[in-house]
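Data block below; observations after.
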């Protein structure tokens with residue numbers, strides 16, 4: 001997180017939740033729906049569905065809860081403001097990005113959710129790149145080669161015998177079988193084999209949690225063998241504020257899967273809630289088309305187009321959960337509290353400004369502690 005202020009914003013979700021808790025009643029309530037809970041730029045990007053069709057959706061739902069959609073808007077606005085500062089763009093561009101955010105979000109709520117997703121050329125180029133990717137690209141990024149082995153080292157650590165037995169039982173069980181054979185139209189009767197497994201050290205979020213990578217062989221009746229790369233991650237209690245009246249699955253993995261199916265259908269249909277070593281875990285097969293969107297070195301026009309396009313993605317995710325009456329009421333609420341100098345709700349702009357200032361100070365303190373070996 002010391003690499004940049006934007007990295008700090010992405011990594012320090014707790015500070016955002018602390019600010020929300022202290023914000024009191026300043027924010028509109030909004031309809032009670034599934035929200036991402038951690039809606040920053042790194043959690044949006046191309047995702048393939050079970051048939052390999054690609055669209056830009058929310059990529060990470062660890063913090064998903066039934067809650068207030070304004071929380072996702074503020075978190076995305078903070079992330080956009082941080083990206084603008086990282087691209088050395090002036091403050092006026094940040095203001096225009098917030099206007100683009102609300103414009104794209106409102107446009108998504110007002111349109112037909114069965115229509116094909118709309119993206120500007122810059123985002124469309126990322127989609128085209130994702131659609132052309134194959135297993136070799138995924139292997140080169142994750143495994144450092146196309147051989148069906150996981151290279152142990154900085155990212156992948158060896159597992160003990162008990163862990164390996166538990167992973168094999170999980171990967172060959174009915175839950176994972178149903179998941180991996182449902183993708184790419186694989187045969188339900190395919191023979192499954194666990195080729196390799198390792199603990200996956202994937203950033204700070206892996207510390208103190210179960211996180212494994214597994215390579216599996218899927219052998220069909222036609223004699224062809226497919227390789228799938230499975231991500232197994234412990235699901236923990238969400239820190240994101242939730243609607244206390246909402247009914248959600250008590251099991252954290254089931255909560256994440258339910259939120260993913262509501263917000264990101266491409267991802268939701270590729271996930272399963274399972275148990276491993278007494279813990280609740282989320283299992284999903286990684287696809288070559290899954291990518292992050294990198295927004296660095298932006299021009300002012302690119303920054304504003306990106307804000308509008310990515311806000312549409314969030315608007316689609318929220319809006320498809322609402323009936324027409326609820327969408328209209330939420331649009332009416334968003335149209336209120338606007339000043340003459342900014343075409344966006346004043347609560348959104350004020351929140352982004354406050355959070356940017358708080359995170360900037362906290363980032364500098366984090367860097368000081370990191371330099372002294374205290375962080």
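The values are calculated or read from the model by the stated rules, or taken from the named source; none is laboratory data. What you see is a predicted model; the values in this text were computed from it and never measured. All Cβ positions, glycine included, derive from the backbone under ideal geometry; neighbour counts span all protein chains shown.
With the structure loaded, tell me whether residue 60 is in contact with a strand residue (DSSP E or B) (Cβ under 8 Å, 6 or more places away or on another chain) and outside the structural domain of residue 252 (by TED's automatic domain parsing) or whether it fails that test.
Working: in contact with a strand residue (DSSP E or B) (Cβ under 8 Å, 6 or more places away or on another chain): no; outside the structural domain of residue 252 (by TED's automatic domain parsing): yes.
So residue 60 fails the test.
Those residues that are surrounded by 20 or more Cβ atoms within 10 Å (Cβ to Cβ) and part of a loop (DSSP other than H, G, I, E, B), I need them from region 231-241; list them, please.
Scanning region 231-241 gives 235, 238, 240.
Within region 242-270, restricting attention to residues that are surrounded by fewer than 22 Cβ atoms within 10 Å (Cβ to Cβ) and in contact with a strand residue (DSSP E or B) (Cβ under 6 Å, 6 or more places away or on another chain), which residue is nearest to residue 44 (Cα to Cα)?
Let us first name the residues in region 242-270 that are surrounded by fewer than 22 Cβ atoms within 10 Å (Cβ to Cβ), namely 242-252, 254, 258, 261-262, 265, 268-269.
Adding the requirement that they be in contact with a strand residue (DSSP E or B) (Cβ under 6 Å, 6 or more places away or on another chain) leaves 242-243, 246, 248, 251-252, 254, 262.
Working: 242: 21, 243: 24, 246: 25, 248: 23, 251: 25, 252: 21, 254: 21, 262: 15 Å.
Looking at residues that are surrounded by fewer than 22 Cβ atoms within 10 Å (Cβ to Cβ) and in contact with a strand residue (DSSP E or B) (Cβ under 6 Å, 6 or more places away or on another chain), I get 262.
Would you check if there is a residue in region 220-227 being crowded, with 20+ Cβ neighbours inside 10 Å and either at pLDDT below 90 or outside any loop (DSSP other than H, G, I, E, B) (or both)?
Residues of region 220-227 that are crowded, with 20+ Cβ neighbours inside 10 Å, as a first pass: none.
Among the residues of region 220-227, not one is crowded, with 20+ Cβ neighbours inside 10 Å and either at pLDDT below 90 or outside any loop (DSSP other than H, G, I, E, B) (or both), which makes the answer no.
Please work out if residue 310 is within 27 Å of residue 87 (Cα to Cα) and either modelled with pLDDT of 85 or more or not assigned by TED's automatic domain parsing to the domain that holds residue 18 (or both).
Values: within 27 Å of residue 87 (Cα to Cα): yes; either modelled with pLDDT of 85 or more or not assigned by TED's automatic domain parsing to the domain that holds residue 18 (or both): yes.
So residue 310 passes the test.
To keep it simple, each residue is scored yes or no on (1) touching a residue at least 40 places away in the same chain (Cβ under 8 Å); (2) under 22 Å from residue 21 (Cα atoms); (3) assigned to a helix (DSSP H, G or I).
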{"position": "81", "(1), (2), (3)": "yes, yes, yes"}
{"position": "89", "(1), (2), (3)": "yes, no, no"}
{"position": "99", "(1), (2), (3)": "yes, no, yes"}
{"position": "104", "(1), (2), (3)": "yes, no, yes"}
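Output the residue which, of all residues in region 273-313 that are in a strand (DSSP E or B) and within 16 Å of the chain's Cα centre (by Cα), is surrounded by the most Cβ atoms within 10 Å (Cβ to Cβ).
Our first condition is that a residue be in a strand (DSSP E or B); within region 273-313, this holds for 273-276, 279-286.
Among the residues that remain, those that are also within 16 Å of the chain's Cα centre (by Cα) are: 282-286.
Values: 282: 22, 283: 25, 284: 23, 285: 23, 286: 16.
Of everything passing the filter in region 273-313, 283 is surrounded by the most Cβ atoms within 10 Å (Cβ to Cβ).
For a quick check of your reading of the model, give me the residue pairs whose first member lies in region 238-259 and is outside the structural domain of residue 61 (by TED's automatic domain parsing), whose second is in a helix (DSSP H, G or I) and at pLDDT 95 or above, with beta-carbon atoms closer than 6 Å and at least 6 apart or on different chains.
If the second residue must be in a helix (DSSP H, G or I) and at pLDDT 95 or above, the pairs left are 248/255; 249/255; 249/258.
Tell me, please, whether a residue that is under 20 Å from residue 40 (Cβ atoms) and in a loop (DSSP other than H, G, I, E, B) can be found in region 350-359. Give the derivation first.
We begin by selecting, within region 350-359, every residue under 20 Å from residue 40 (Cβ atoms); these are 350-359.
Remaining after also requiring in a loop (DSSP other than H, G, I, E, B): none.
Taking every residue of region 350-359 in turn, none turns out to be under 20 Å from residue 40 (Cβ atoms) and in a loop (DSSP other than H, G, I, E, B).
Taking the condition under 13 Å from residue 352 (Cβ atoms) and either crowded, with 24+ Cβ neighbours inside 10 Å or in contact (Cβ under 8 Å) with a residue 40 or more places away in the chain (or both), does residue 109 pass? Full working, then the answer.
Details: under 13 Å from residue 352 (Cβ atoms): no; either crowded, with 24+ Cβ neighbours inside 10 Å or in contact (Cβ under 8 Å) with a residue 40 or more places away in the chain (or both): yes.
The answer is no for residue 109.
Within region 336-343, does at least one residue satisfy the condition of being more than 30 Å from residue 213 (Cα to Cα), in contact (Cβ under 8 Å) with a residue 60 or more places away in the chain and not in a loop (DSSP other than H, G, I, E, B)?
No, the conditions are met nowhere in region 336-343.
In region 1-52, which residues are under 18 Å from the mean Cα position of the chain (by Cα), part of a loop (DSSP other than H, G, I, E, B) and buried (at least 21 other Cβ atoms within 10 Å of the Cβ)?
Across region 1-52, the qualifying residues are 36, 37, 38, 39, 40.
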